[in-house]
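The values are calculated or read from the model by the stated rules, or taken from the named source; none is laboratory data. None of these values were measured; they are calculated from a predicted model. Cβ placement follows ideal geometry from the backbone for every residue including glycine, while neighbour counts extend to all protein chains displayed. All accessible areas refer to the heavy atoms of the entire protein, side chains included, with ligands and DNA or RNA removed. Shrake-Rupley method; radii C 1.70, N 1.55, O 1.52, S 1.80 Å.
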Amino acid sequence: MAAADINTAQFSLQCGLCNQPFHRFCNTCQLCLCEDCIGKHVRSLPLRQHDIVPYINRREQKVCPRCIHHPYQTFEAYCQHCDVPICIGCLAGSQHETHEIINVGEMRKLIKKETEEITNLIYKNGTAKFKVIRKNFTI
């Protein structure tokens, strides 16, 4: 997160837990931390093996979106009835118990297949229209 100072055209990066400048990074949680918040962060998630390093030595990873109802859970499944990704916490609740649920990996495959089909359709239609336009265009 960056807070802009319009008057000086400078910006500072802020700790993920407070508004202070940070110098550390938790590789495990992908979170920027100031010195004061390191202990609070580690205590808030005691079961994780935190790898806190100087920010310059960070290892950024692809971060999966987190559930808005269960912030420490990533999406593991997809509710086809509600058309939304869900986490294990949502899956365990009653809201989706009668709905058709599929694995997120399966949903990715379906989306990829649909995207390829749409792309091919656009390509075929576009190529055909281009040929007609080119045929009718003379220099």
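Here are a few things to note about the model shown:
- Residue 83 sits among other residues whose Cβ lies under 14 Å from its own Cβ, and their net charge, with Lys and Arg +1 and Asp and Glu -1, is -2.
- Over all other residues within a Cβ to Cβ distance under 15 Å of residue 52, the charged ones net out to +2, with Lys and Arg as +1 and Asp and Glu as -1.
- Exposure rank, largest accessible area first [112, 40; 1.4 Å]: 112, 40
- Cα-based convex hull, segment 12-63, per residue volume (Å³, whole number): 76
- For residue 47 and residue 116, the FRET efficiency from 1/(1 + (r/R0)^6), where r spans their Cβ atoms and R0 equals 41 Å, is about 0.55.
- Under Stokes-Einstein, with the Kirkwood radius over Cα pairs as Rh, the value for segment 34-114 at 37 °C and 0.692 mPa s is 216 µm²/s.
- Where 44, 94 fall by accessible area, highest first, once all protein chains stay in place (1.4 Å): 94, 44
- If you take all other residues with their beta carbon under 10 Å from the beta carbon of residue 26, and give Lys and Arg +1 and Asp and Glu -1, the sum is +2.
- Area of residue 55 that stays accessible when all protein chains are in place (1.4 Å probe, Å², to 10): 70
- Using a probe of 1.4 Å, the accessible surface attributed to residue 97 totals some 130 Å² when neighbouring protein chains are kept in position.
- Exposure of residue 119 as accessible area (Å², to 10), given a probe of 1.4 Å and all protein chains: 80
- At R0 = 35 Å, FRET efficiency that the Cβ-Cβ distance of residue 106 and residue 30 yields, to 0.05: 0.85
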